[in-house]
Each structure stands twice: as C-alpha cells, then as structure tokens.
Amino acid sequence: MKIEEKLALNAFKNDKESHIRIHQDICRKKCKIRYCLYVCPGHLYSFNEDTNEMVVEFAGCLECGTCKVACKEGAIEWVYPKGDYGVQYRYG
Amino acid sequence: MEKIDVVIVGGGLAGLSCAYALASSGMQVIVLERGDFPGSKNVTGGRLYLLPIKKFIGDMLDGAPFERKVVRERWSLLGNTNSLTIDFTSQTFRKENHSYTILRSSFDRWLSEKLMEKGIFVIPKYRVDDLLWENGTVVGIKAGNEEIYAHVVVAADGALSFIAEKAGLKPAMASHNYAVGIKEIIELPESIINDRFNIESDQGCAHLFIGDVTKGMFGGGFLYTNKKSISLGIVVGIQALMERAPSIEAYTLLDSFKERYEIKRLIEGGVISEYSAHLIPEAGFSGLSKLFGNGILVIGDAAGFALNMGITVRGMEFAIASGIIAAETIIKAKEMNDFSHNSLSIYEQKLKETFVIKDLYTYKNIRAFLDNNDIFSLYPKTLPDLVEKIMWFGEEEKKRISKTLWNSLKSSNILNFKRLKHFYSIKDI
C-alpha cells in the first residue's frame, strides 16, 4: 500500500492554516542534507526545485514531531494543530 | 483573578491518572486535551505492565478496556535472509495479570469518562498555547484569548512537551535522545489471531525484532496482538536515521518489514485500518527534564519517563505512577497552601522512592550500551547465520559443531577486543 493510501485511512480534520512553518531562507542558505525529506513517517516533505522551496503537506501530519527534532538548522517551526484539528486516532 | 487548584495539560495516561488521584481531594481540577477526546492523539506500541503500578492505582483501572493479556513473549534476531526467534510462555504469565496490550484511543477515552463521572472536568479540543507567569511562578495557562489561573499547572503534554519547554524545565531536544515509532493497525478476526499466534482468546503475544528491520539503525520492530487487530510497527532512532548512508526514508522500513517472510503470513488477509507515528524519549535517566518548578510539575513522557531496556520498552506505567505521585504532592501542597518550587520538590523525592526513578537509575547505562551499531547489525546477523550453518546438512560431510561455531565466530569478527569489551560492559546494565 502506498504511503498516501495509508494516510487516507486516518481520520483527519484539516485546518486551512498550517501548523508547520518553514523558514525557506534557512532551508536555502544553511541546510544541505534536508533530513525532513526522509525522516517524516508520512513522507510529507518535498522540495520544489522550480520555486526553490521546501513544501510540507501538513494536512497528512501524524503529529509526531520527528521533523522538528531532526531539523538541526531550526528551519521548521512546529506547533500542535489548533484544538479541533489534525489527526484523530481511532485505535492509537 | 480567581484561581482553580490544578490545570493538567494533556489527557494522556499521565494527566488522566493525576486527575484521577486528585478526584476525591475536593480540589478543582481541569484536564485540557487538544484532541477530540483523550486518546485521540495518543499512540502506544504496546502494552502496559500492571504489577509495577499495582500499589498506586487503587480501583483506577477496574473495568479497563484491555485488549489481551500477554502470555507469549517473542524476540527475533533478523538477518538479511534468515532469523532466529526465542518464543517464551509460562504458566505464571498465563495466571497472573502481568501485562496487557492496549489501544490508547479507547483506553484513554474510557479513563477520561470514568474521571468525568467523578466530577473532573475534561475539556477536549483545547490546545494550550502558553503559560501565565507572576514573579517567576507559573500561575496558569493561556489558550488563544482565554486564560485559566491555577495554583499548579501539570505538564502532561507528552514527549514533545511544549509546556515543560516554556517553563524552562526541559532540556533542548537532541535528535540523539528521541526515536520515532511508526505503526499500522491491521485488523484480523479474533480466531485467526488466536491460531496464528498459538494463543487463546484474551491471551496475547508480544514480539520484538532487532536487526534487518531497521537496516542496522538504532531501533527495532514490534508486534502486539490486540483482540481483533495487530499493532505492527518499527521504532528507529532519529539521529540514526539522519546519519545513515545511504539514507532511507523512514516510512519504507515498515513496508520492508511487512514483506519479510517472518511477518507476511502473520498478517495475511488483514485489513490496515490506521497508520500512526509518535515520538519516543530514548535518553532514559540522563534525559529527564527538571521535574518541578514554582507552580508547575512535569509528568509522563513530558518528563522523559520512558525506558528502552532492549528486551522491552516501558513508558505507560511510568506515566501513570508519576501522575499519581504528582497528585499526592499537590494534595500536600494544598494542605500547606504552598505551591512553590520548595513545596513541590516532594514530587521528585517521592519518585526517587518508587520504581519510576529507581528503574530509570538502575538502567542508566543501557542507552550507552545500546549505542552500538553491532547490536543492530552484526549480532542479529551473526547468530542466525551460525544456526543456519549448524542446521544445514549438505552434500559434503558434516563438520563438528564446535568447529562450525568457532569458525563462524572467528570469521564474523565478533570476538575482537573492542567487541568483547562491549560485551563485558553488560555488567553495567
């Protein structure tokens, strides 16, 4: 099963506003390795070469915070989604 | 401004247990939970050991929605193409209420409902944004435009604890000190689970895997049987993921694990019904936060109360016990009407007399011991390889087993000085 299909099994309540803010200037200037691309269990990060921007599909966020811990440069500003939003685990 | 007695931030097992132990004190207690209901943001491997918390919990878990009682313990060393498994069961484990698999969404929700019957307010969909301070003392919380003042704020907001961080109690989150758990819930009929794991209804199996499952990185795999589902997942150190060359996308580890011969048949025909991930504190004793401050206590994962013992991983019983001991501390503080740093320091003293800090201290060297790539690659590969050689009867004449053993150990380089020294350090754990 593809990762997108796995995420689609979960119950998400999505906010319009992202709870993850990426400081693109730090990504561009400081980060060489881009750990966020492969540590995220939801595979939600991708780098858009055209716009030279790191993109995160925050709507599928599992709220583990791994990207925040792995981002050594501090480019990822991560808070929990507002109350009433985000993933709602039915099994956990 | 009017103050209530206690605001607990986070409706996980730590926060809910704390509230439960405060329920009969007559104090005003509010639990704030950011999810739709307590449990909706929580994930476990996992299982809960009951005996360590027995003397703390009273009737708290009477009638709890346990999944299965673990009566079968398995550990597997996974090589690239082979594996070696220990399968343990015992009459004692079958008879005693030793450990149970649980699912947090239903478990925590059930506990929160029990709390509400006791008159505790549990407010869901409520994200706490900040702390309120007065003269260096925490005096409440802020959520959006709302403020709630309290004598004590309890940080029970999990491994990422923003509250303990804002209170200046939490050490900076180093990638080395955390792992990520990634899990699928795979539904199967109860009778099929019973047959595949050689257990009866209500009996369960806990199975840990080490080696190829994390491609040599710090971590392992886990499988726990629930009533009508299997919790299957991997845990991998975040630093290990970051350092691995070539890099591996974390989510693919679980997919490769499921493709293993050892797993494939166990989950065949199962329906995946949820995909989850959660952070796990891995630093043990040396990674604990400061546990108290003026007007604030830190409990559960927020404090770093989790212990990877290699043979098993513990967290939930630490959460429950620390929550209850925090409650006892708050009751004392209320009697003295003193919620200062000094008064709340009883919390740490009390924890030191219990398994929470005692066990973490006893195993204080385990993280350093596990910080060795051989444990996750060489050893899990070498032992199944050895068994493969011993059990293989080929066309050529069979060599003496002792010779096979010696040659294998020698060629695997397991017996060099550095490795023997590492083995010898087992005495420290």
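The values are calculated or read from the model by the stated rules, or taken from the named source; none is laboratory data. This is a predicted model, so every value here is computed, not measured. All Cβ positions, glycine included, derive from the backbone under ideal geometry; neighbour counts span all protein chains shown.
Scanning segment B:223-247 for residues that are of a type in the set (F, W, Y) and surrounded by fewer than 24 Cβ atoms within 10 Å (Cβ to Cβ) gives no hits.
Of all the criteria given as (1) away from every other protein chain (no Cβ under 14 Å); (2) among the basic types (K, R); (3) under 30 Å from A:P41 (Cβ atoms), the one not satisfied by B:R94 is (3). Within segment B:26-48, residues that are more than 10 Å from chain A (Cβ to nearest Cβ) and closer than 29 Å to B:T312 by Cβ have Cβ atoms under 6 Å from residues that are of a type in the set (S, T, N, Q) and not in a loop (DSSP other than H, G, I, E, B) in these pairs: B:P38/B:S112; B:R47/B:S99; B:R47/B:T101, counting only partners at least 6 apart in sequence or on another chain.
Among the residues that make up segment A:53-66, is at least one of them within 19 Å of A:Y35 (Cα to Cα), surrounded by fewer than 21 Cβ atoms within 10 Å (Cβ to Cβ) and of a type in the set (D, E)? Checked against the condition, which is being within 19 Å of A:Y35 (Cα to Cα), surrounded by fewer than 21 Cβ atoms within 10 Å (Cβ to Cβ) and of a type in the set (D, E), segment A:53-66 yields at least one hit. How many of the residues making up segment A:9-34 are of a type in the set (A, V, I, L, M, F, W, C) and more than 9 Å from chain B (Cβ to nearest Cβ)? Residues meeting the conditions: 6.
Residues that are within 19 Å of B:L307 (Cβ to Cβ), facing chain A (nearest Cβ under 9 Å) and at pLDDT 95 or above number at least 3 in none of the helices (runs of 4 or more DSSP H) confined to segment B:221-289. Pairs linking a residue in segment B:238-254 that is on the phi < 0 side of the Ramachandran plot to a residue that is assigned to a helix (DSSP H, G or I) and among the polar types (S, T, N, Q), with Cβ atoms under 7 Å and 6 or more positions apart or on different chains, are B:I238/A:T66; B:I238/B:S175; B:Q239/B:S175; B:M242/B:S175; B:L253/B:T214.
Taking the listed residues B:T404, B:T329, B:T312, the one that is β-branched (V, I, T) and modelled with pLDDT of 95 or more is B:T329, with no other qualifying. Taking the criterion of being among the small types (G, A, S) and either within 21 Å of B:T85 (Cα to Cα) or exposed (fewer than 12 other Cβ atoms within 10 Å of the Cβ) (or both), would at least one residue in segment B:376-385 satisfy it? Looking through segment B:376-385, at least one residue is among the small types (G, A, S) and either within 21 Å of B:T85 (Cα to Cα) or exposed (fewer than 12 other Cβ atoms within 10 Å of the Cβ) (or both).
Any residue in segment B:150-168 that is surrounded by fewer than 24 Cβ atoms within 10 Å (Cβ to Cβ), over 24 Å from B:I86 (Cβ atoms) and of a type in the set (S, T, N, Q)? No, segment B:150-168 contains no residue that is surrounded by fewer than 24 Cβ atoms within 10 Å (Cβ to Cβ), over 24 Å from B:I86 (Cβ atoms) and of a type in the set (S, T, N, Q). Residue count for segment A:57-92, restricted to those that are at the interface with another protein chain (Cβ under 8 Å from one of its Cβ atoms) and more than 21 Å from A:C27 (Cβ to Cβ): 14.
The residues of segment B:81-120 that are assigned to a loop (DSSP other than H, G, I, E, B) and more than 30 Å from B:L386 (Cβ to Cβ), listed by number, are B:E96, B:N97, B:H98, B:I102, B:L103, B:K118, B:G119, B:I120. Kindly evaluate B:L22 against the criterion of being of a type in the set (A, V, I, L, M, F, W, C) and touching a residue at least 60 places away in the same chain (Cβ under 8 Å). Answer is yes for this residue.
Scan segment B:284-340 for residues that are closer than 17 Å to B:A14 by Cβ, surrounded by fewer than 21 Cβ atoms within 10 Å (Cβ to Cβ) and among the acidic types (D, E) and the total you get is 1. In segment B:184-219, what residues are out of contact with any helix residue (DSSP H, G or I) (no Cβ under 8 Å at 6 or more places or on another chain), in contact (Cβ under 8 Å) with a residue 12 or more places away in the chain and not small (G, A, S)? Matches in segment B:184-219: B:I185, B:E187, B:P189, B:E190, B:I192, B:I193, B:N198, B:D202, B:H207, B:L208.
Matching residues to (1) out of contact with any helix residue (DSSP H, G or I) (no Cβ under 6 Å at 6 or more places or on another chain); (2) hydrophobic (A, V, I, L, M, F, W, C):
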site	(1), (2)
B:L16	no, yes
B:F37	no, yes
B:G46	yes, no
B:L50	yes, yes
B:K54	yes, no
B:L61	yes, yes
B:E73	yes, no
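Assessment of segment A:2-22 against the conditions (crowded, with 18+ Cβ neighbours inside 10 Å, farther than 24 Å from B:D130 by Cα and either in contact with a Pro (Cβ under 9 Å, 6 or more places away or on another chain) or basic (K, R) (or both)) yields at least one matching residue.
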